[in-house]
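J.: Here you go, one structure.
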Amino acid sequence: MSFFLISSIVKILAVFTAIMVGVALLTLAERRICAWMQDRLGPNRVGPQGLLQPAADGLKNLIKEETLPAQADKVLFLLAPAMSFIPALLTFAVIPFAAPLPTPWGDVDMVVANLPVGFLYILAFGSLGVYGIVLAGWSSNNKYSLLGGLRASAQMISYEIALGMSTVAVLLVVGNVTLTDVVAKQSASLFTWNVFPLSLACFIFIVAAFAETNRLPFDLPEAEGELIAGYHTEYSAMKFSMFYIAEYSNMVTASALMTTLFFGGWDIPFTTWDNAPPWSVLKTLLTLGSFTLKTLFFLFLFIWVRWTLPRFRYDQLMALGWKVMLPLALTYLTVIATAIWLLHDQLGWTYDTRFALALFGLNLLLAVPLFFVLDRGHIIAGSVAAEGAGGGGGRA
Amino acid sequence: MAIGVKVMKRPGTEVSYLRATLKGMALTLSHLWRPKVTMQYPEEKSSKDWTLSPRWRGTHRMLTDEQGRAKCVACGLCPQICPANCIKLVPGEDEQGNRYPLIYEIDEFRCVFCGYCQEVCPEEAIHVGVHYENSEYSRDRFVYDLERLCAQTHPVSTLWDPSDPKGE
């Protein structure tokens with residue numbers, strides 16, 4: 001029991017530190033990558049290659065003046081940054097990030113809390129993050145902030161459903177809601193990574209994750225052009241910084257989730273050496289490296305997409321969420337459930353590479369017409385009112 | 001839609017969401033490795049793409065003769081022509097009847113850097129300079145006296161020549 005306590009505390013401290021340092025470096029990475037994509041150099045003055053820039057920014061934010069709008073709801077106003085920040089960190093608790101570590105007192109699972117209901121925990125806490133944003137928008141007593149908060153809640157609710165539906169497909173394949181089992185099930189070979197048998201679910205999940213983390217092209221709650229930075233207009237100094245930390249922690253968690261659910265978690269591809277006991281420190285370190293690399297790739301994807309795509313218009317965002325993503329996720333779930341029923345219950349296949357490849361083939365068949373139609377914009381454009389229809393048509 | 005947003009009707013062949021997205025992503029990715037245009041200012045002050053123009057009109061410089069005296073003969077033309085009235089000149093005369101400036105001060109805060117003083121000067125004494133790093137810790141340091149004007153070493157402006165408008 002005391003060993004469990006001590007190892008848990010050590011894991012909590014290690015994960016918390018890693019995320020905080022990661023988030024700090026991520027703000028720098030965002031600025032430098034954005035600069036490189038625009039043929040600039042970015043902040044490179046503070047420390048070697050600008051590595052101490054986050055420390056300088058943090059110090060600046062700590063000593064800046066805190067403003068409190070006179071009309072603001074003080075309790076909620078002060079609570080909101082924490083409300084958006086804490087769920088982002090809590091979600092990471094159930095993500096397994098390496099192979100178990102052997103110690104003289106027994107193996108330690110490299111996950112802060114190996115919850116049997118890890119999956120549901122993630123869905124629950126993932127949607128709690130929106131409270132921070134909505135409360136911030138509401139308590140600021142500022143019309144732009146309120147609009148930002150409202151947009152955030154509408155967007156979160158819309159995409160949460162598609163997100164949940166896409167992950168149900170993972171549950172169908174894995175047959176368990178524990179994330180360590182999800183990773184174990186994927187580790188047989190490269191093709192049992194869920195991205196192959198469940199490519200479309202992965203696509204839906206990634207799109208929905210962008211919307212959930214309020215990153216471009218879905219950063220409607222911020223929309224600095226129209227809403228003056230939306231929900232955090234009235235925030236300054238460290239409270240403003242907290243929203244930033246929350247955004248980046250959300251990105252880290254979302255990337256870690258993509259890795260865990262669809263890209264084999266800490267599994268090292270092309271080998272099964274790392275997936276089976278006996279565990280060793282080397283295995284733990286290598287699998288941790290594998291997990292980190294995959295997560296970093298998705299973090300890069302977040303940044304890359306942000307500096308490439310423009311923001312959606314609000315009606316397009318809603319149309320995409322409700323008229324494309326949700327029906328798509330539901331249909332896909334039906335198809336995948338039928339396929340699994342056929343292969344598993346009728347043909348009696350066990351879940352292995354052959355099973356995964358069969359599902360992958362099915363995904364390819366579905367993806368070609370889907371991407372063709374999506375690309376032509378038939379679904380999104382079809383949701384737009386016809387010219388001249390609706391009261392104020394044409395009055396821009 | 002309740003609010004009136006004008007929606008362009010485009011033929012399906014012109015519409016592209018995924019291909020255009022992928023194309024854009026490929027473009028931004030390729031820019032990661034392209035040469036950067038940033039000039040790292042305090043270390044680099046000019047690059048092959050950008051140098052300060054020789055016609056730049058910056059803070060003044062007074063040229064001196066072989067004995068190190070200012071070339072100025074205190075004729076009074078530069079304070080006369082100065083549109084900002086920033087030149088203070090008190091003329092003096094020595095035993096041989098040579099005129100020289102007793103006081104010659106330019107208030108660089110008032111100056112509009114038009115370059116008329118250089119154009120009007122018959123002795124080619126006062127010049128505007130090709131120079132821009134002028135920061136000081138106090139405001140009164142921006143009134144340049146004669147000694148300071150003579151001590152400047154930066155290149156002087158070539159100004160604009162109407163017979164050679166492109167500077168060739």
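FYI, it's all coordinate maths here, none of it is from the lab. Since the structure is predicted, the reported quantities are computational estimates derived from the model, not experimental observations. All Cβ positions, even for glycine, are placed from backbone atoms using ideal geometry, and neighbour counts span all protein chains on display.
J.: If Lys and Arg each add +1 and Asp and Glu each add -1, what is the summed charge of the other residues whose beta carbon sits under 15 Å from the beta carbon of A:Val46?
T.: Counting the neighbours of A:Val46, the net charge comes to +3.
J.: Tell me what chain B gives for mean residue ellipticity at 222 nm when only DSSP H runs of n ≥ 4 count, each as -39,500 (n - 2.57), the sum divided by the residue total, rounded to 500 deg cm²/dmol. Walk me through the numbers before you get to the answer.
T.: Details: 4 runs with 30 residues, N = 168.
Result for chain B, helices only: -4500 deg cm²/dmol.
J.: ³J(HN,Hα) across the range A:269-283 via Karplus (A = 6.51, B = -1.76, C = 1.60, θ = phi - 60°), whole Hz, x for Gly/Pro?
T.: Result, ordered by residue: x, 6, 8, 10, 4, 7, 9, 10, x, x, 7, 9, 4, 4, 4 Hz.
J.: Whole-Hz ³J(HN,Hα) for each residue in the range A:155-165, computed from phi via Karplus 6.51 cos²θ - 1.76 cosθ + 1.60 with θ = phi - 60°, x for glycine and proline: what do you get?
T.: 5, 4, 5, 4, 8, 4, 5, 4, 4, x, 4
J.: Also, I was wondering about something else. If I fit a long axis through the Cα atoms of helix B:18-31 and take the longest principal axis of the Cα atoms of chain B, what angle between them do I get, 0 to 90°, rounded to 10?
T.: Taking Cα atoms only, the helix is inclined about 30 degrees.
J.: Residues with beta-carbon under 13 Å from that of A:Phe262, excluding A:Phe262: net charge, scoring Lys, Arg +1 and Asp, Glu -1?
T.: +1
J.: Right, another one. Over the range A:221-327, what is the mean sequence separation of C-alpha contacts under 8 Å (at least six apart), divided by residue count, expressed as relative contact order in percent?
T.: Contact order relative to length: 20 percent.
J.: Which aspartates and glutamates does A:Lys185 reach when only Cα atoms under 19 Å apart count, and residues fewer than 8 places away in its own chain are ignored?
T.: Candidates past the 8-residue exclusion: A:Asp109, A:Asp267, A:Asp274, A:Asp345, A:Asp352.
J.: Could you give me the percent of Cα pairs per 10 Å distance bin for the range A:69-184, shortest bin first, beginning at zero and ending with the bin that holds the maximum distance?
T.: Binned Cα distances yield the sequence 13, 32, 26, 18, 9, 2.
J.: Can you bin every Cα-Cα distance in the range A:2-382 into 10 Å intervals starting at zero and give me the percent of pairs per bin, rounded to whole numbers?
T.: Whole-percent P(r) values from 0 Å outward: 5, 22, 31, 26, 13, 3, 0.
J.: Simple spin-label model, 7 Å along Cα-to-Cβ: A:Asp109 to A:Ala337 in nm?
T.: 2.8 nm
J.: Cα to Cα, under 16 Å, and not fewer than 8 places away if on the same chain: which aspartates and glutamates meet these conditions relative to A:Lys64?
T.: A:Glu234
J.: Once you have a ≥ b ≥ c as the square roots of the Cα gyration tensor eigenvalues for chain B, tell me rounded if a/c is under 1.5, and otherwise prolate or oblate according to whether a/b is larger than b/c.
T.: It is prolate, given that a/c is not under 1.5 and a/b is the larger ratio.
J.: Taking the range B:1-153, how many lysine pairs are there with alpha carbons less than 29 Å apart, if each pair must be eight or more places apart or span two chains?
T.: Lysine pairs, 8 or more places apart or on different chains, close enough: 6.
J.: Right, something else. Between B:Lys166 and B:Leu27, what FRET efficiency follows from the Cβ-Cβ distance if R0 is 35 Å, with the result rounded to 0.05?
T.: Values: r = 36 Å, r/R0 = 1.04.
Result of the calculation: an efficiency of 0.45.
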